[in-house]
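The values are calculated or read from the model by the stated rules, or taken from the named source; none is laboratory data. All values derive from a computational prediction rather than experimental measurement. Don't worry about glycine lacking a Cβ; one is built from the backbone with ideal geometry, like all the others, and counts go over all protein chains shown.
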Amino acid sequence: MEEEEGHLVSDIMNKKVISIDEAKTIKNAANMMNEARIGSIIITKDDTPVGILTERDFVTKIAAKEIPLSTPLSEVMTKPLLVVGPNQTVWEAAEIMKNMEIHRVAVQEGNKIIGMVTTTDLVKIISIGSDSNLHRVADLIFSRQQKQ
């Protein structure tokens, strides 16, 4: 196994995750995201993660459709919430993100969201190391694409 393939989601995930109940409003979520300076918020129902609201959702589901900020999150959240486990590899998370055309995936352990992995996190892991490491990772990616 290549060294880069051995990185686990828990190695690169951002542990700064906040959640909000689905009955709260878009405005509540926007305020929380702004205060925390993050690009997504986990939506819960009875303290169970059920969805997500992202910056992209604000553009495509809210602003573009002129949805009032008083709308409950249950009406605009993306669901079901796609998750990976902390012990899955970075490659597995990247594959899910690619196949589902998403830019972030929640990391779940048990019934709790413990982190988030974004495309930015994936770029950071690829860019660590020397140019030769970067070329080796790029070659690995291209060879995988050719097999598909």
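Miscellaneous remarks
- Residue in region 51-58 that is of a type outside the set (A, V, I, L, M, F, W, C), in contact (Cβ under 8 Å) with a residue 24 or more places away in the chain and in contact with a strand residue (DSSP E or B) (Cβ under 8 Å, 6 or more places away or on another chain) present: yes
- Verdict on ILE114 being under 15 Å from the mean Cα position of the chain (by Cα) and modelled with pLDDT of 95 or more: yes
- In region 65-76, the count of residues that are among the hydroxyl-bearing types (Ser, Thr, Tyr), touching a Ser or Thr at 6+ places or on another chain (Cβ under 6 Å) and surrounded by fewer than 15 Cβ atoms within 10 Å (Cβ to Cβ) is one or more.
- Scanning region 1-29 for residues that are farther than 19 Å from ASP121 by Cα, out of contact with any Leu (no Cβ under 7 Å at 6 or more places or on another chain) and modelled with pLDDT of 95 or more gives SER19, ASP21, ALA23, ASN28.
- Leading residue by the ranking (farthest from the chain's Cα centre (by Cα)) among those in region 20-50 that are buried (at least 16 other Cβ atoms within 10 Å of the Cβ) and among the hydroxyl-bearing types (Ser, Thr, Tyr): THR25
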